[in-house]
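The values are calculated or read from the model by the stated rules, or taken from the named source; none is laboratory data. From a predicted model like this one, the values you see are computed outputs, not experimental measurements. Cβ: placed from backbone, ideal geometry, glycine included. Neighbour counts: every protein chain shown.
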Amino acid sequence: MSDETCYLISDNGSYRPEATLSLRRLAERLGSRIGKTVHPVSLLHSTKIPPDKLGGIAAEIFEPFVIKKLEEGVRRFHVTPLFFGPSAAILEYMPQRVEVLRASWPDLEVRISPCLVNPEEAEDERMATILIDHVETAREQRGFKTPSVALVDHGAPRIKVTEVRNHLARQIRKLLAESDFPVVAACSMERRDGDEYAFNEPLLKRVIGSAGFEKEVIVSMLFASPGRHAGPGGDVAKICGEVAGSRPELVWQMTELVAGHDGIIDILHSRFEEGLASKPVFWKGKIPNWEAPK
């Protein structure tokens with residue numbers, strides 16, 4: 001049995017090859033920073049991508065990857081999540097799968113670093129700075145004078161994730177000059193039906209074109225990597241195009257995605273360091289006896 005730790009960076013996974021290729025680039029950059037091999041391993045979905053679209057190397061997902069390493073004698077794993085906030089994938093799915101695996105490998109240890117953004121760290125403006133850099137680049141690209149900014153995320157079924165988005169919107173509003181960017185609003189690409197998910201409002205399709213967003217609009221993308229929702233031809237672009245189709249005065253521009261910014265590695269590295277001091281994941285009934293990433 002090996003005493004070495006296997007390091008992972010994990011996203012939710014996608015059927016789009018661009019997302020896996022982006023995760024691989026981040027794994028290489030983070031690995032260079034910490035001096036260790038970091039494996040790009042999604043939680044789900046990515047194994048559906050044909051390997052020939054990934055340079056001939058198949059994508060890997062969490063449970064089969066961990067099993068393969070366990071069979072090789074590895075027992076210690078450290079996951080750095082590529083998630084903005086505490087989604088169910090990190091708080092529920094991953095710990096549950098760990099518990100299933102520990103039935104066969106009781107000495108399995110998995111540490112999970114905190115997510116990218118913690119609203120309780122009010123002075124940490126690194127993610128907001130990344131988003132602002134992309135906003136200012138988009139403004140220059142289109143020659144906008146006084147654009148409004150719509151910060152959009154996917155729309156999560158957990159309010160704590162939406163609170164991360166709203167926290168970032170407040171930071172952006174504080175850091176951007178109001179004379180250049182008169183309006184900043186947070187919104188969701190989509191939401192689940194039901195009053196219990198109303199915290200995702202407003203939706204992007206109701207923000208752009210509304211008061212303050214009638215002319216120049218920058219859509220600030222709170223997405224890490226390209227996929228079905230983000231990037232050229234994604235769902236966000238389709239929503240914006242549909243709204244603009246009936247409003248000829250509306251001109252919009254999406255920003256680049258977070259994973260392409262140099263500053264993301266600083267955040268991932270600091271979260272990795274925090275994870276080194278965390279306790280392994282265990283699961284007792286419905287309540288994990290580990291401190292959940294904030």
* Output the residues belonging to region 115-131 that are touching a strand residue (DSSP E or B) at 6+ places or on another chain (Cβ under 8 Å) and part of a loop (DSSP other than H, G, I, E, B). => 115, 116
* Looking only at region 129-152, which residues are over 16 Å from residue 204 (Cβ atoms) and either outside the structural domain of residue 171 (by TED's automatic domain parsing) or not basic (Lys, Arg) (or both)? -> 129, 130, 132, 133, 134, 136, 137, 140, 141, 143, 144, 146
* Please name all residue pairs, on different chains or six or more residues apart, with Cβ atoms under 8 Å, provided the first residue is in region 56-83 and is among the basic types (Lys, Arg) and the second residue is part of a loop (DSSP other than H, G, I, E, B) and surrounded by fewer than 23 Cβ atoms within 10 Å (Cβ to Cβ). => 75/1; 75/105; 75/107; 75/108
* Asked: Looking only at region 201-212, which residues are of a type in the set (A, V, I, L, M, F, W, C) and touching a helix residue (DSSP H, G or I) at 6+ places or on another chain (Cβ under 6 Å)?
  -> 204, 208
* Please give the helices (runs of 4 or more DSSP H) falling wholly within region 193-282 in which 2 or more residues are buried (at least 16 other Cβ atoms within 10 Å of the Cβ) and more than 23 Å from the chain's Cα centre (by Cα). => 235-245
* Asked: Looking at region 146-161, which of its residues are surrounded by fewer than 22 Cβ atoms within 10 Å (Cβ to Cβ) and either out of contact with any Asp or Glu (no Cβ under 8 Å at 6 or more places or on another chain) or not in a loop (DSSP other than H, G, I, E, B) (or both)?
  -> 157, 158, 159, 160
* Specify the residue that is surrounded by the fewest Cβ atoms within 10 Å (Cβ to Cβ); the eligible residues are those in region 105-134 that are of a type in the set (Gly, Ala, Ser) and touching a residue at least 12 places away in the same chain (Cβ under 8 Å). => 128
* Go through region 135-145 and give me each residue that's surrounded by fewer than 17 Cβ atoms within 10 Å (Cβ to Cβ) and touching a residue at least 12 places away in the same chain (Cβ under 8 Å). => 137, 141, 142, 145
* To do: Go through region 157-175 residue by residue and tally those that are of a type in the set (A, V, I, L, M, F, W, C) and more than 15 Å from residue 117 (Cα to Cα).
  => 1
* Asked: Mind checking which residues of region 102-117 are under 13 Å from residue 78 (Cα atoms) and among the hydroxyl-bearing types (Ser, Thr, Tyr)?
  -> 113
* Which one of 14, 46, 32, 22 is without any contact (Cβ under 8 Å) to a residue 12 or more places away in the chain, over 22 Å from residue 118 (Cα atoms), not aliphatic (A, V, I, L, M) and not assigned by TED's automatic domain parsing to the domain that holds residue 235? -> 32
* Name the pairs whose Cβ atoms lie under 6 Å apart, with the first residue in region 232-243 and in contact (Cβ under 8 Å) with a residue 60 or more places away in the chain and at negative phi, the second crowded, with 17+ Cβ neighbours inside 10 Å and assigned to a helix (DSSP H, G or I), and 6 or more positions between them or separate chains? -> none
* Asked: When region 220-262 is examined, which residues are found to be among the hydroxyl-bearing types (Ser, Thr, Tyr), in contact with a helix residue (DSSP H, G or I) (Cβ under 7 Å, 6 or more places away or on another chain) and modelled with pLDDT under 95?
  -> 225
* To do: May I ask you to verify whether residue 190 is of a type outside the set (Phe, Trp, Tyr), assigned by TED's automatic domain parsing to the domain that holds residue 146 and over 25 Å from residue 242 (Cβ atoms)?
  => no
